[in-house]
1. Considering only segment 140-157, state which residues are of a type in the set (Val, Ile, Thr) and either open to solvent by 80 Å² or more (accessible area, probe 1.4 Å) or assigned to a helix (DSSP H, G or I) (or both).
2. Answer yes if at least one residue in segment 110-117 is of a type in the set (Phe, Trp, Tyr) and either part of a helix (DSSP H, G or I) or open to solvent by 30 Å² or more (accessible area, probe 1.4 Å) (or both), and no otherwise.
3. From 77, 91, 95, which residue is of a type in the set (S, T, N, Q) and in contact with a strand residue (DSSP E or B) (Cβ under 8 Å, 6 or more places away or on another chain)?
4. I need a count of the residues in segment 126-139 that are open to solvent by 70 Å² or more (accessible area, probe 1.4 Å) and outside any strand (DSSP E or B).
5. Can you run down the residue pairs with Cβ atoms below 9 Å, 6 or more apart or on separate chains, where the first is in segment 134-152 and of a type in the set (S, T, N, Q) and the partner is open to solvent by less than 60 Å² (accessible area, probe 1.4 Å) and part of a loop (DSSP other than H, G, I, E, B)?
6. Please enumerate the residues belonging to segment 28-71 that are over 26 Å from residue 85 (Cβ atoms) and free of Cβ contacts under 8 Å to residues at least 24 places away in the same chain.
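The values are calculated or read from the model by the stated rules, or taken from the named source; none is laboratory data. Values in this document were obtained by computation on a predicted structure and should not be read as measured data. We place every Cβ from the backbone using ideal geometry, glycine too, and count neighbours over all the protein chains shown. Side chains are part of the model used for accessible areas, which takes the heavy atoms of the whole protein and leaves out ligands, DNA and RNA. Shrake-Rupley method; radii C 1.70, N 1.55, O 1.52, S 1.80 Å.
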Amino acid sequence: QNGTCRVFGESFGNTRPARAALSVIQRQMALVGETSTWLPVTVAQNFEAVRVVSGLAKQPFDEFVEALPVSARNKAQILSVSELSPHQVDQPLLQQLAILRALLRKPQLLMLDEAFTRMDPVLLKNTEAVLFSQSESLTLILATNDLLQASRLTDRILFLLDGRVVE
């Protein structure tokens, strides 16, 4: 319980971290859970909001999609929902979009907590391809019950039981 750790150069211990330290970490990491939160605007506008908040250069949504390392069918799927409200999009595709939206910020650390549970094998393969394309600049922490997926996506696997590493 005692001690400190360093995250992105910031020290954390038993005291409440400074707001500036949390800000440094927030800019360098992203989290996608089993369900994602969206603004009540179109999918494309949600992506643009991330760009604006993150200070990224403006880029048309279709150009962003065309640059993705996914199948032509998947690109067409994504483009077909760009003007829909997120609540009108099927959950599996919405989860892929949430991962893409998180990657848009170019985080150094991406945490995925059961983010793939509803994806069919084809959509899963396309989403994994995007993650593989980012593997040089991205550390991925994946919480999953799917051992095959964990072995495909990660270099190291930890088994946890009641919050403790057991293997």
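1. Filtering segment 140-157 down to residues of a type in the set (Val, Ile, Thr) leaves 141, 144, 154, 157.
Across segment 140-157, the qualifying residue is only 141.
2. As a first pass, look at segment 110-117 and keep what is of a type in the set (Phe, Trp, Tyr): 116.
From what's left, either part of a helix (DSSP H, G or I) or open to solvent by 30 Å² or more (accessible area, probe 1.4 Å) (or both): none.
No, because not a single residue in segment 110-117 is of a type in the set (Phe, Trp, Tyr) and either part of a helix (DSSP H, G or I) or open to solvent by 30 Å² or more (accessible area, probe 1.4 Å) (or both).
3. Working: 77 fails: in contact with a strand residue (DSSP E or B) (Cβ under 8 Å, 6 or more places away or on another chain); 91 fails: in contact with a strand residue (DSSP E or B) (Cβ under 8 Å, 6 or more places away or on another chain).
One residue alone meets the criteria, 95.
4. So the first thing to find is which residues in segment 126-139 are open to solvent by 70 Å² or more (accessible area, probe 1.4 Å), and the list is 132, 136-137, 139.
Applying the additional criterion that residues be outside any strand (DSSP E or B) yields 132, 136-137.
Qualifying residue count for the region: 3.
5. 139/107; 144/114; 144/115; 144/116; 145/114; 149/116
6. Initially, segment 28-71 is screened for residues over 26 Å from residue 85 (Cβ atoms), giving 28-29, 69.
Residues satisfying the conditions do not exist here.
Every residue, every condition in (1) closer than 29 Å to residue 73 by Cβ; (2) over 15 Å from the mean Cα position of the chain (by Cα), yes or no:
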| site | (1), (2) |
| --- | --- |
| 117 | yes, no |
| 120 | yes, yes |
| 132 | yes, no |
| 139 | no, no |
| 149 | yes, yes |
| 154 | yes, no |
| 164 | no, yes |
